[in-house]
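This report refers to the structure that appears directly beneath it.
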């Protein structure tokens, strides 16, 4: 113990669950991320979608923040979450407005099937693109909200 | 099918998203905001002309046929109101850079500004009661962000009230829609109207109608649900106050016009009769509030309430003159309230205070500002030839056609008091000696005054050119009185 910095000793003394939390997080967080992608892709015709996919992703990222602290997660995931909100909005609106090019009403969707080697036939739908926009918007806004509340003392830029 | 109806909603939405990317570059976002707003205005002018010349435009989004899908209905009322909204927004976007600090502009002012415009246009254009709720939320959430912009203590206090009352009325709104869906099994307004008509609006339906009325009355700040409005409208920046005053309460009153001219029209003895009295009380209490204060911003904020009363009165009469008076007054009031809020914003800026007792003799340094306020007061009170006069004369015609003499007298008395309450700012603030111990420098206000001149010019054209506009307004009101037209154009029967 004597070799540790004061700060680290402080962390260990006051966070007895830290080890358990960190170990489980490194497992659960990646399962959650995989599940979120599954939900996003399943979206338009079975349970799931961009909204819930975005929520699950943000849950997994928040879990990382809780286990490893803000500084280290900021280093491994240097993402400006606030920027994801307008990116998602632009994707979603442009997908909806893409129907203008084909002379059909706003938000009209279409789909087609693509033959992939080894995997077989998969279905691609434009609803998927819209879901992607929703995914980014939800992810960006959820994490922005939670992080701004968590960083209450510091004024965010 | 015509995608034109969605453009006034998605152009501002995408502009807001694009402006979020460049929020830290102030001069770029100013230029882009002005550009996008002018593009949107151009599109909306085109839409309005199409609707007025060739009839209602219906858009069934995603090719889902009404009443199953979500429809947007650009009828002449919606188109005209969207046009008014955009005229105001153009003035506001040119006023904003002079009124806001750069820090506020960097904190996503333009993004939320465009989201409000998008939500308001959506609320006017939607033909679906649930989507009306959705667009209410869009504009409310943007307004929550704008009302706290700056984060002063008083702003936080007042915005808490504002958020609470709006969240509560939104809960009530969704509940009322759920009740209505439970009874008639649809949220498409045309189909609701058809089904309510079939069962002749029996007991429970009238109750739901009144519940919806309470929701909209809270948003529109009618008596006795106006108490949250004046103080929370004066705390944000003048440009934000102007937008709120011009758009948010008016979306509430538009919803009342729509719902009580289309759906709940079969028991006017229970609903419309009560509207007239609520209108009268709103006028009296609103104008008393305006007379009782020396804060110039509060005077104008209280003046919103009698104006809503005037519009409500015409809906209560439910005859052609009353309805066209209401619509005319609604358009007039949206424009003049924006101009007045901008004017008091400038006055408070040059005087360094919004307390009327601490200012005098401003006319020596700012003659143009003084005369603009003078004209604006005349427009507001309805002195001919300005636009308020045309609306009021039609409302009074409506009153006498229905034999409602008492409300007509209240309306006339209120108009005089409104004139006095605004003239008070002119007399006490502008007359008199120049303040000698004035440490304030003469400030350049030209950039702030130009949008006001533009709005007052629109208002004057609306009054002097009444002959051009009255036929359109009258055809809107006769459409509103024949809801079958709306139902047929949406359901195509």
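Points worth noting:
- Candidates B:142, B:123, filtered to the one that is at pLDDT 90 or above, away from every other protein chain (no Cβ under 14 Å) and in a helix (DSSP H, G or I): B:123
- Cβ pairs under 8 Å, 6+ apart, first in the range A:77-90 and more than 11 Å from every other protein chain (Cβ to nearest Cβ), second part of a helix (DSSP H, G or I): A:77/A:61; A:77/A:64; A:81/A:139; A:81/A:140; A:81/A:143; A:81/A:144; A:81/A:147
- Complete set of residues in the range B:3-17 that are over 17 Å from residue A:92 (Cβ atoms) and either without any contact (Cβ under 8 Å) to a residue 60 or more places away in the chain or facing another protein chain (nearest Cβ under 9 Å) (or both): B:5
- In the set (1) in a helix (DSSP H, G or I); (2) surrounded by fewer than 21 Cβ atoms within 10 Å (Cβ to Cβ), the condition left unmet by residue B:24 is number (1).
- Taking helices (runs of 4 or more DSSP H) as the structural unit, those lying wholly within the range B:150-267 and holding at least 1 residues that are touching a strand residue (DSSP E or B) at 6+ places or on another chain (Cβ under 7 Å) and under 30 Å from residue B:487 (Cα atoms) correspond to B:189-198.
- Pair list, Cβ < 6 Å and 6+ apart or interchain, from the range B:386-409 residues that are touching a residue at least 60 places away in the same chain (Cβ under 8 Å) to residues that are part of a loop (DSSP other than H, G, I, E, B): B:388/B:382; B:389/B:382; B:392/B:382; B:398/B:319; B:401/B:319
- Flag if residue B:412 is free of Cβ contacts under 8 Å to residues at least 24 places away in the same chain and surrounded by fewer than 17 Cβ atoms within 10 Å (Cβ to Cβ): yes
- For the range B:94-118, a residue qualifies if it is free of Cβ contacts under 8 Å to residues at least 60 places away in the same chain and under 17 Å from residue A:86 (Cα atoms), and exactly one does: B:109.
- Residues that are assigned to a helix (DSSP H, G or I) and either touching a strand residue (DSSP E or B) at 6+ places or on another chain (Cβ under 7 Å) or within 14 Å of another protein chain (Cβ to nearest Cβ) (or both) within the range B:71-95 are absent altogether.
- Failed item in (1) closer than 30 Å to residue B:449 by Cβ; (2) within 14 Å of chain A (Cβ to nearest Cβ); (3) at pLDDT 90 or above, with residue B:35 passing the rest: (2)
- Checking the range A:108-127 against the condition returns no match, with no residue being within 14 Å of another protein chain (Cβ to nearest Cβ), in contact (Cβ under 8 Å) with a residue 12 or more places away in the chain, under 20 Å from residue B:12 (Cα atoms) and surrounded by 10 or more Cβ atoms within 10 Å (Cβ to Cβ).
- Considering the range A:65-75, the residues that are over 13 Å from residue A:146 (Cα atoms) and touching a residue at least 24 places away in the same chain (Cβ under 8 Å) include one that is surrounded by the most Cβ atoms within 10 Å (Cβ to Cβ), namely A:67.
For every residue, the table says whether it meets (1) in contact with a strand residue (DSSP E or B) (Cβ under 8 Å, 6 or more places away or on another chain); (2) crowded, with 21+ Cβ neighbours inside 10 Å; (3) farther than 19 Å from residue B:225 by Cβ.
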site	(1), (2), (3)
B:269	no, no, yes
B:274	no, no, no
B:284	no, no, no
B:300	no, yes, yes
B:312	no, yes, no
B:320	no, no, yes
B:329	no, yes, yes
B:339	no, yes, yes
B:342	no, yes, yes
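- Test for residue A:94: is it out of contact with any strand residue (DSSP E or B) (no Cβ under 9 Å at 6 or more places or on another chain), at pLDDT 80 or above, away from chain B (no Cβ under 14 Å) and surrounded by 13 or more Cβ atoms within 10 Å (Cβ to Cβ): no
- Number of residues in the range A:97-107 that are facing another protein chain (nearest Cβ under 8 Å) and at pLDDT 80 or above: the value is 6.
- Taking the criterion of being part of a helix (DSSP H, G or I) and within 13 Å of chain A (Cβ to nearest Cβ), the residues of the range B:44-70 that qualify are B:61, B:62, B:63.
- Residue in the range A:43-52 that is within 14 Å of another protein chain (Cβ to nearest Cβ) and within 28 Å of residue B:115 (Cα to Cα) present: yes
The values are calculated or read from the model by the stated rules, or taken from the named source; none is laboratory data. Predicted model only: the values in this text are computed from it and were never measured. When we count neighbours, we look across all protein chains shown, and the Cβ atoms used for this are built from the backbone with ideal geometry, even at glycine.
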